[in-house]
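Q: Just dropping this structure here.
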Amino acid sequence: MTESSDRKDLRGFGNLGGLDLERYARQIMIPRIGEEGQKRLKVATVFIAGLGGLGSISAQYMAAAGVGELIIVDRDRVSLSNLNRQILHRTADLDWPKTESARKKLSAFNPDCRISPVSATITGDNAATLIAGADLVLDATDNMATRLDLNRAAMERGIPFIYGGIDGFDGMVSSFVPGETGCLACMFTERERIYKEQPALGVLGPTAGLIASIQSLEAIKYITGAGEMLKGRLLCIQGLDMSFREIRIEPNPDCTVCKELHHEQ
Ligand SMILES: [Zn+2]
């Protein structure tokens with residue numbers, strides 16, 4: 001098993017006040033969430049890598065759901081061509097760092113959610129340090145190289161990694177949980193070099209919203225322990241004919257990331 005002793009105990013030490021019970025009433029009344037699930041959300045720290053089309057949505061849903069802390073990371077500033085899909089940012093935010101634009105909105109949205117903005121480029125060298133202390137990594141990046149760096153860091157630290165990718169009308173999502181599933185590199189080993197060279201893709205706002213919403217649901221399920229996550233399953237959505245299909249993801253015995261982890265055990 002991977003090392004997870006530095007993770008917080010999500011089985012509940014957050015106390016809910018009267019305002020919490022009111023703000024989150026409609027999710028607390030869901031039997032699989034309840035007050036216990038809400039307490040777990042309150043002590044959870046979620047790392048959101050990227051504040052573009054995916055991160056714009058998942059950051060809002062995480063703050064709205066009552067997650068205790070969001071570590072939000074992006075290196076870019078808001079540009080006009082972002083605004084067809086990155087709906088956390090506004091026209092008035094043009095040229096602002098995305099982390100600042102996001103912090104402002106998320107803090108106003110839910111003052112109880114601690115927002116930790118990090119304006120940085122995620123690399124193989126800093127990924128493990130950046131995600132330290134997080135209970136979960138939400139992948140909202142726009143390139144495969146960064147995803148693979150984050151995936152490796154998350155697997156090494158024993159932190160679940162929820163992958164999301166979008167391309168025009170289409171999207172993909174899957175949850176990788178250390179010790180229980182393979183990892184993103186099991187799936188994309190051969191294609192890594194291709195994706196590194198990939199030019200910018202066309203993106204529709206609702207496609208990003210759909211995938212980020214599924215990632216957010218996966219995050220809430222992981223934190224509260226409700227239901228079954230998308231483990232070992234890649235959900236592929238084709239928006240043009242609105243078809244959903246699943247591809248089984250088996251751990252790859254030649255995966256360099258998983259191999260190293262198994263070697264250490
Ligand atoms: Zn792997």
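The values are calculated or read from the model by the stated rules, or taken from the named source; none is laboratory data. Remember, predicted model here, so these are calculated numbers, not experimental data. For neighbour counting, all protein chains shown are included, and Cβ atoms are generated from backbone atoms with ideal geometry for every residue, glycine included. Ligands, DNA and RNA are stripped out before the accessible areas are found, and what is left, the full protein with its side chains, is counted by its heavy atoms. Shrake-Rupley method; radii C 1.70, N 1.55, O 1.52, S 1.80 Å.
Q: Given a Förster distance of 41 Å, report the FRET efficiency between A64 and D167 from their Cβ-Cβ distance, rounded to the nearest 0.05.
A: With a Förster radius of 41 Å, E is 0.90.
Q: How high is the relative contact order of the range 138-249, given as a whole-number percent (alpha carbon pairs under 8 Å, six or more residues apart)?
A: 30
Q: Counting only the backbone N, which residues of the range 53-72 are under 15 Å from the spot 7 Å out from the Cα of V118 toward its beta-carbon?
A: 69-72
Q: Report the calculated FRET efficiency for Q238 and L19 (r = Cβ-Cβ distance, R0 = 45 Å), to the nearest 0.05.
A: Taking R0 as 45 Å, the efficiency between Q238 and L19 is 0.60.
Q: For the range 19-143, build the charge dipole from Cβ charges (+1 Lys, Arg; -1 Asp, Glu) around the Cα centre, then report which of T141, L80, Q27 sits farthest towards its positive end.
A: Most positive-ward Cα: Q27.
Q: Leaving ligands, DNA and RNA out of it, work out the accessible area of F109 with a 1.4 Å probe and give it in Å² to the nearest 10.
A: 100
Q: Quick check on the chain: helices-only [θ] at 222 nm, where DSSP H runs of length 4 and up contribute -39,500 (n - 2.57) each and the sum goes over total residues. Nearest 500, please.
A: Theoretical 222 nm ellipticity from helices: -11000 deg cm²/dmol.
Q: Now for a different question. Is there a quick way to get the dipole size of the chain? I mean about its Cα centre, with the Cβ of Lys and Arg at +1 and of Asp and Glu at -1; what is the value in debye to the nearest 20?
A: Value, rounded to 20: 600 debye.
Q: Restricting the count to DSSP beta bridges whose residues both fall in the range 29-135, what percent are antiparallel, rounded to a multiple of 5?
A: 10
Q: Shifting gears a bit: Regarding the range 28-141, what whole-number volume in Å³ per residue does the convex hull of its Cα atoms give?
A: With only Cα atoms used, the range 28-141 gives 100 Å³ per residue.
Q: Under the definition of Cα pairs under 8 Å and six or more residues apart, what whole-number percent is the relative contact order of the range 18-264?
A: Computed over the range 18-264, the figure is 19 percent.
Q: Right, another one. Provide the percentage of antiparallel DSSP beta bridges, counting only those with both residues in the chain; round to the nearest 5.
A: Close to 50 percent.
Q: Just from the alpha-carbon atoms, what are the Rg and Dmax of the range 18-264 in angstroms?
A: 17.3, 52
Q: Taking a 1.4 Å probe, which of K105, K42 shows the most accessible area, and what order do the others take after it?
A: The most accessible residue leads, giving K42, K105.
Q: What helices does the chain have that are whole DSSP H segments, at least 24 Å long along their own axis by Cα, and with mean Kyte-Doolittle hydropathy of 1.6 or more?
A: Helices meeting the span and hydropathy rule in the chain: none at all.
Q: May I pose another question? Please compute the modelled spin-label separation between I247 and S81, points set 7 Å along Cα→Cβ, answer in nm with one decimal.
A: According to this spin-label approximation, the distance is 2.7 nm.
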